Amino acid sequence: MKLPILMLLSSLIFWTSCRKKETSTPPRIPEKSDITGLAGPIRLNPDTTIIFTEDFFNDPSKITGISADTGISVSISADKKTVTIISGRKTEWLSHLRISQDDGDYDFLLMKSMKEKARLKFKPGKKEITEVAIAGEMNNWNPKSSPMKKDGNSWEASFMLNPGKYQYQVVADGKWMLDPMNRDSADNNNGGYNSVLTVGDPSHKIPHIRTDNTDGYQITITSEDTIKRWFVFWNNHLLTGDEIIPESSAKTIRFNIPGFASTPARSWIRVFAYSRKAAVNDLLIPLEKGKVVADASQMLRSDKETNIMYFMMTDRFFDSNPSESNSVNDPEVPAIADYMGGDLAGITTKLSDNYFTELGITALWISPIVQNPLKAYREYIPPQRKYSGYHGYWPISSTMIDTRFGTDSDLSELIKAAHDQQINVFLDYVANHVHEDHPMIKAHPDWKTALLLPDGQQNIRLWDEERLTTWFDTFLPSLDFSKPEVIEAVSDSALFWVKKFGIDGFRHDATKHIPEAFWRRLTQKLKQEYEIPQGKLLYQIGETFGSRELIGSYISNGMLDAQFDFNLYFDQRAVFAQDNVSFKKLDYSLKESLAWYGFHHLMGNITGNHDLPRFISYAGEGLSFTEDAKEAGWTRKIVLKNPEAGYSKLKSMTAFLMTIPGIPVIYSGDEIGMPGAGDPDNRQMMRFTALTPGEQSVKVNAALLTKLRRSRMELLYGDFTTLLVSDSLYAHSRSYFGKTTIVVFNKGKSEAAVKFRLPESLSSSAFVALHKMPFTMKSGKLEISIPGYGYEILSTP
């Protein structure tokens with residue numbers, strides 16, 4: 001967010017400070033922290049950044065002072081609710097902000113903006129053009145936000161962008177096209193191509209730091225490059241002074257864990273640094289009573305990084321009472337669009353059967369269970385098919401359980417059964433819209449956004465052009481969150497589920513269509529009325545299709561923990577499913593995510609979901625990237641033409657998700673390779689019996705990988721390094737205090753002999769292969785043969 005200089009001058013300022021280069025004064029540690037959880041790094045704008053203190057502090061009125069490093073000017077408003085940060089050319093890659101209260105100091109990491117100006121020019125030639133715009137990843141594919149300006153015979157537009165590659169198209173008089181002035185293009189992962197704008201150096205080459213060694217109470221971190229400055233945080237406090245042990249090398253830092261870290265059962269060390277070239281990868285180290293956690297068995301259900309999530313649609317998972325029918329009894333509703341009988345008791349049954357523990361799942365994401373209408377409705381868009389609300393996303397109540405899914409006691413029993421097995425439960429919550437029969441919208445018809453736009457166009461499914469007001473359908477009014485009373489009512493309904501049932505968090509539907517003000521208020525309520533009194537942190541993950549910048553704008557200490565990484569998913573789907581798409585695309589995409597979200601983010605890395613065609617359908621050649629996947633599901637049964645290759649590719653993609661930073665998410669059915677086209681064909685009833693040998697092998701593979709991830713600290717908290725990337729071969733490693741896992745992929749059809757040099761820190765390590773494939777280590781080089789569409793994982797004992 002930016003404010004004009006005039007507005008800044010006219011606002012009432014409480015303090016202004018510009019501190020010396022490095023703050024050497026040790027922080028005062030409060031007896032009880034006023035910040036819930038860890039305050040993540042603050043990503044600065046190129047000039048002015050506004051942060052909301054309520055995103056971090058439970059009581060901002062206690063703030064007594066604020067200071068920052070040289071090159072950073074900071075000020076706080078009189079009501080202490082906003083801090084203005086002004087950065088400039090002298091700002092370092094990373095810097096430090098301190099906010100003080102009477103009883104303690106709190107430290108924040110500031111990340112310098114990497115944005116630079118990028119320009120695009122379009123020349124239509126002799127053709128008469130009246131209006132030109134750009135639509136692409138730089139503006140979330142919204143041509144309305146980036147009209148080009150005419151300058152003589154050409155049209156121009158400029159953007160402030162991070163270094164990277166941005167796909168886009170030119171929209172000339174409403175016609176979308178590749179940019180004729182740019183020969184660089186890329187596969188759009190959907191059977192077509194887009195032009196590509198390259199900004200700065202998109203290589204993501206940054207210096208690397210790693211956890212070197214520890215005796216539990218002292219930690220050594222080393223770097224491959226000279227470090228200009230280190231930042232070591234214990235929880236939300238910067239360690240300085242006696243904890244830092246002087247070192248002769250500019251590539252090493254050694255520090256003691258402070259004595260006060262022994263008080264809380266769980267706390268954290270975070271390490272950041274920068275060299276002359278760039279900021280390095282960040283490190284996250286969990287502590288138990290002030291000692292480094294060395295064994296994954298010490299991790300708790302409440303440690304968010306340990307989640308391995310399983311998503312099921314309640315109606316499509318398991319029917320505990322097949323004798324009862326939940327059908328809407330409408331002959332115009334196809335069976336696939338009607339209720340199939342799954343219920344809450346069905347999920348509990350599978351908990352009792354140990355289905356999830358045997359699969360290695362530690363968290364359940366359950367589709368919306370609120371009451372939906374009893375009759376079917378016709379979709380607005382052609383061919384206007386009729387659907388029931390089996391999916392749960394048409395709420396006519398925000399606090400009542402759908403009678404077809406069960407009762408309050410059924411949900412309570414499910415949650416208790418999950419918690420007894422150390423499994424978290426996340427409910428899918430719909431805040432963006434309600435069904436037209438919802439009592440709230442009937443009582444307050446002015447609480448919905450306008451269906452008609454000023455030009456007379458219906459505001460339906462204009463996902464990007466009218467992002468914060470668009471409706472999903474004519475019977476699903478979107479709520480007007482510009483009204484405070486709407487924010488209060490909807491956030492209270494979400495709070496209801498936490499307080500009454502003790503769930504562990506939410507998956508939030510349609511996140512990007514709801515203003516940030518709602519997410520701030522919801523999270524504030526959850527902290528004040530549940531997390532702080534109960535001493536329990538909740539996990540909130542959102543759903544946003546858009547650029548990484550848009551997705552990341554909803555992630556902060558005061559809003560959501562994470563969102564699903566759809567950008568990474570689309571690239572991994574293309575790479576693992578298609579033989580001709582290079583691993584270089586995937587490596588770049590993964591590094592983009594790490595650059596935006598951090599190396600220890602909580603983003604959801606999915607095998608698929610209920611809105612997307614099944615991965616196996618593409619990988620097994622049952623579906624083509626060039627066809628309409630939704631219509632394919634209506635016109636034919638999806639049959640895998642090459643199931644053997646499809647299963648192998650799915651196994652490799654699952655191995656990728658289970659070994660990279662983030663939270664792995666298995667969509668129900670993907671653990672056995674169930675095929676399916678677009679919605680609703682991808683929502684067939686889950687199968688538990690009569691699995692084919694291929695399906696059984698996929699399930700065994702998934703369980704093997706979840707077990708590995710849960711048992712290896714480096715897969716939960718390790719660093720990440722790309723070791724090898726070519727068109728058909730890929731290898732990466734993750735390390736944590738001497739424990740390392742290396743993952744090697746071959747996406748070619750045939751077996752490949754893979755050779756690559758290991759980093760010096762790994763060259764003398766011994767490894768054990770997960771699938772017992774033979775390998776050799778010679779002169780710091782790893783040599784291994786990987787079968788076609790296969791992978792191997794090597795771990796230190």
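The values are calculated or read from the model by the stated rules, or taken from the named source; none is laboratory data. This structure is a prediction, so every number in the text was calculated from the model and none was measured. With ideal geometry, Cβ positions are generated from the backbone for all residues, glycine too; neighbour counts draw on all protein chains shown. Each accessible area value is taken on the protein alone, full model and side chains, heavy atoms only, with ligands, DNA and RNA left out. Shrake-Rupley method; radii C 1.70, N 1.55, O 1.52, S 1.80 Å.
Listed conditions (1) open to solvent by 10 Å² or more (accessible area, probe 1.4 Å); (2) closer than 27 Å to I541 by Cα are all met by G669, apart from (1).
Summed over region 179-192, residues that are under 18 Å from L586 (Cβ atoms) and either surrounded by 16 or more Cβ atoms within 10 Å (Cβ to Cβ) or not aliphatic (A, V, I, L, M) (or both) total 4.
Whenever a residue of region 189-206 is among the basic types (K, R), its partners that are open to solvent by less than 20 Å² (accessible area, probe 1.4 Å) and outside any strand (DSSP E or B), lying with C-beta atoms within less than 9 angstrom and at least six residues away or across chains, give the pairs K205/A278.
Checking each residue of region 293-300 against the condition of being assigned to a strand (DSSP E or B), closer than 29 Å to D34 by Cα and either touching a Phe, Trp or Tyr at 6+ places or on another chain (Cβ under 8 Å) or without any contact (Cβ under 8 Å) to a residue 12 or more places away in the chain (or both) gives no match. Among the residues of region 346-391, those that are open to solvent by less than 30 Å² (accessible area, probe 1.4 Å), under 22 Å from L427 (Cα atoms) and small (G, A, S) comprise G346, G360, A363, S367, S388, G389.
Can R461 be described as charged (D, E, K, R), buried (at least 21 other Cβ atoms within 10 Å of the Cβ) and at pLDDT 95 or above? The answer is no for R461. Listed here are the strands (runs of 3 or more DSSP E) enclosed by region 164-237 that have at least 2 residues being under 22 Å from Y717 (Cα atoms) and under 30 Å from the mean Cα position of the chain (by Cα): 209-214, 218-223, 229-234. Only one of the listed residues (Q528, Q540) is in contact (Cβ under 8 Å) with a residue 24 or more places away in the chain, open to solvent by 20 Å² or more (accessible area, probe 1.4 Å) and not in a loop (DSSP other than H, G, I, E, B). That residue is Q528.
Among residues of region 588-629 being acidic (D, E) and in contact with a helix residue (DSSP H, G or I) (Cβ under 9 Å, 6 or more places away or on another chain), the one that is surrounded by the fewest Cβ atoms within 10 Å (Cβ to Cβ) is D611. Would you confirm, using the coordinates I've provided, whether F720 is surrounded by fewer than 20 Cβ atoms within 10 Å (Cβ to Cβ) and within 25 Å of the chain's Cα centre (by Cα)? Yes. Taken over region 285-334, the criterion of being among the aromatic types (F, W, Y) and open to solvent by 10 Å² or more (accessible area, probe 1.4 Å) is satisfied by F318 alone. Of the residues making up region 555-587, those that are assigned to a helix (DSSP H, G or I) and open to solvent by less than 20 Å² (accessible area, probe 1.4 Å) are F566, L568, Y569, Q572, R573, A574, V575, F576, A577, F583, L586, D587.
One residue stands out among those in region 46-85 that are out of contact with any helix residue (DSSP H, G or I) (no Cβ under 8 Å at 6 or more places or on another chain), in contact (Cβ under 8 Å) with a residue 60 or more places away in the chain and of a type in the set (A, V, I, L, M, F, W, C): the one that is farthest from A118 (Cα to Cα), which is A78.
Rundown of residues vs (1) surrounded by fewer than 17 Cβ atoms within 10 Å (Cβ to Cβ); (2) modelled with pLDDT of 95 or more, yes/no style:
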residue: S203; (1), (2): yes, no
residue: I206; (1), (2): no, no
residue: I209; (1), (2): no, yes
residue: Y217; (1), (2): yes, yes
residue: G241; (1), (2): yes, no
residue: T252; (1), (2): yes, yes
residue: N256; (1), (2): yes, yes
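What residue, among those in region 731-749 that are closer than 23 Å to Y789 by Cβ and among the charged types (D, E, K, R), is most open to solvent (accessible area, probe 1.4 Å)? Among them, the one singled out is K749.
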